[in-house]
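For reference, the structure discussed in these notes is given below.
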Amino acid sequence: MSLTLTVDGPRWRAHLESVADAHPGIVPVAKGNGYGFTLGRLARKAQWLRDRGHDVTTLAVGTYAEIPEVATRWNGDILVLTPWRPFVEPFDPTLTKRVIHTVSRLADLDQLLTLAPTARIVLERTTSMQRHGMSARELWEAGEVLRRRDDIRLEGVALHLPLAQGNHLGEVGRLLNDYVAAAVPERGAPTLWVSHLTDGELETLRQQYPDFVARPRIGTQLWLGDRGALRVTATVLDVHPVERGDAFGYRARTAPKSGHLLVVSGGTAHGIGLEAPTGESTIKARAATFARGGLDAVGFVRSPYSIDGKQRLFAEPPHMQASMLFLPSGARVPAVGDRIDVRVRYTATTFDRVDIS
Ligand SMILES: *Cc1c(COP(=O)(O)O)cnc(C)c1O
């Protein structure tokens, strides 16, 4: 009765191990809906990688509120990606030694060090993303602040780069130079926490900055990088034959031709939404569809569900936990209980079940 993510366990785990092997110092990212898997499951998998001897010492979460989800299932350090603010949710003080804070404003640095002088800290430098981070000047001032103290636990600099578009290395080099110029007193080797560099860029960076330790933060490529190991299915919950003109649905619209209404699991509560029309998007192509009397011409919208490899149309917008599809006559009609494929955005979908073999 559910929207299910079925995972080919051996294949998925082999992929996780190969990504971990290819990225020593990898910081797996477990945030939000856990990329569809849930945070708890990802935390356990990170622990599994660590137990298998991979170089995984730190797991990243998105927010402070996510710490409890991972802390009991993973025994290493926890980096919080969203920068610390004076108003963040408090967390279990017994975790203080495991939590690494991201600090992106000078004012926050002062305040955090006042509240928690031994907090572990990574300083964030802004990138062309312009999301969070300090300017070169603020970083330099942070260096001043930090050099005046001898009890601080600074663990590096963080850069959040845009998704790969061309080469990031010029930008990374400039930003790293800002960090070096700030002469921030780090305890161990200077560390760069970074996202969205290609393997080639990471390699070049390691050659150009041999005294830096690069810690790639990776979510999508790790958890979702082998889509062939993942399958998403919904269950057919009901099937109703309809004739042209029959009324159905919340808005009592009428069937434009004969066929079947299918009620399938998965709705707005799972993150199932209306799809933007793909494929035939030019005006000319749409006009042609209209001329052929296609179902999208009568207002049916493409759904993410497919049957026998063919993407099907919503009979009406998705309901909270179920959706209605229209199957024109002539198509094979699945039986109640059959599973059909669904294409989803994993980071925006809540599955009822995750089955890992
Ligand atoms: C989400 C996030 C990542 C991981 O991004 P993916 O594209 O899923 O690998 C890395 N760094 C930061 C700061 C993030 O917020």
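From the list Gly249, Gly299, Gly266, Gly279, pick out the single residue that is of a type outside the set (S, T, N, Q), on the phi > 0 side of the Ramachandran plot, touching a strand residue (DSSP E or B) at 6+ places or on another chain (Cβ under 7 Å) and modelled with pLDDT under 95.
Exactly one of Gly249, Gly299, Gly266, Gly279 is of a type outside the set (S, T, N, Q), on the phi > 0 side of the Ramachandran plot, touching a strand residue (DSSP E or B) at 6+ places or on another chain (Cβ under 7 Å) and modelled with pLDDT under 95, namely Gly249.
Could you please give the count of residues in the range 1-47 that are in a loop (DSSP other than H, G, I, E, B) and more than 16 Å from the ligand (Cβ to nearest atom)?
5
Among Ser128, Ser104, which is buried (at least 22 other Cβ atoms within 10 Å of the Cβ) and either touching a Ser or Thr at 6+ places or on another chain (Cβ under 8 Å) or closer than 22 Å to Val29 by Cβ (or both)?
Testing whether each residue is buried (at least 22 other Cβ atoms within 10 Å of the Cβ) and either touching a Ser or Thr at 6+ places or on another chain (Cβ under 8 Å) or closer than 22 Å to Val29 by Cβ (or both) leaves just Ser104.
Is it the case, given these coordinates, that Glu201 is farther than 30 Å from Ser357 by Cα, charged (D, E, K, R) and at pLDDT below 95?
yes
How many of the residues in the range 48-70 are in a helix (DSSP H, G or I) and over 19 Å from Arg153 (Cβ atoms)?
The total comes to 9.
Scanning for something under 24 Å from Arg217 (Cα atoms), modelled with pLDDT of 95 or more and within 16 Å of the ligand (Cβ to nearest atom), does the range 134-146 turn up at least one residue?
yes
Inspect all residues belonging to the range 220-227 and state whether any of them is touching a Pro at 6+ places or on another chain (Cβ under 6 Å), within 14 Å of the ligand (Cβ to nearest atom), modelled with pLDDT of 95 or more and in a helix (DSSP H, G or I).
The answer is yes; a qualifying residue exists.
For residues in the range 148-202 being within 16 Å of the ligand (Cβ to nearest atom) and among the hydroxyl-bearing types (Ser, Thr, Tyr), which is surrounded by the fewest Cβ atoms within 10 Å (Cβ to Cβ)?
Thr198
Can you work out which of the residues in the range 203-219 that are of a type in the set (A, V, I, L, M) and either more than 11 Å from the ligand (Cβ to nearest atom) or touching an Asp or Glu at 6+ places or on another chain (Cβ under 7 Å) (or both) is nearest to Val61 (Cα to Cα)?
Result: Ala214.
Any idea how many residues of the range 225-259 are in contact with a Leu (Cβ under 7 Å, 6 or more places away or on another chain) and of a type in the set (A, V, I, L, M)?
So the count comes out to 6.
With the requirement that a residue be touching a Ser or Thr at 6+ places or on another chain (Cβ under 9 Å) and either within 30 Å of Thr347 (Cβ to Cβ) or not in a loop (DSSP other than H, G, I, E, B) (or both), what does the range 244-267 give you?
Result: Ala247, Phe248, Gly259, His260, Leu262, Val263, Val264, Ser265, Gly266, Gly267.
Within the group Pro93, Pro86, Pro28, which residue is more than 17 Å from Ser357 (Cα to Cα), out of contact with any helix residue (DSSP H, G or I) (no Cβ under 8 Å at 6 or more places or on another chain) and not small (Gly, Ala, Ser)?
After applying the criteria, what remains is Pro93.
Out of everything in the range 35-66 that is touching a residue at least 60 places away in the same chain (Cβ under 8 Å) and either farther than 25 Å from Leu5 by Cα or under 11 Å from the mean Cα position of the chain (by Cα) (or both), what residue ends up being surrounded by the most Cβ atoms within 10 Å (Cβ to Cβ)?
In this case the residue turns out to be Gly36.
Of the conditions (1) surrounded by 15 or more Cβ atoms within 10 Å (Cβ to Cβ); (2) at pLDDT 95 or above; (3) not acidic (Asp, Glu), Ala335 satisfies every one except a single condition; which number is it?
It is condition (1) that Ala335 fails.
The values are calculated or read from the model by the stated rules, or taken from the named source; none is laboratory data. Worth saying up front: this structure is predicted, and the values here are computed from it rather than measured. Cβ: placed from backbone, ideal geometry, glycine included. Neighbour counts: every protein chain shown.
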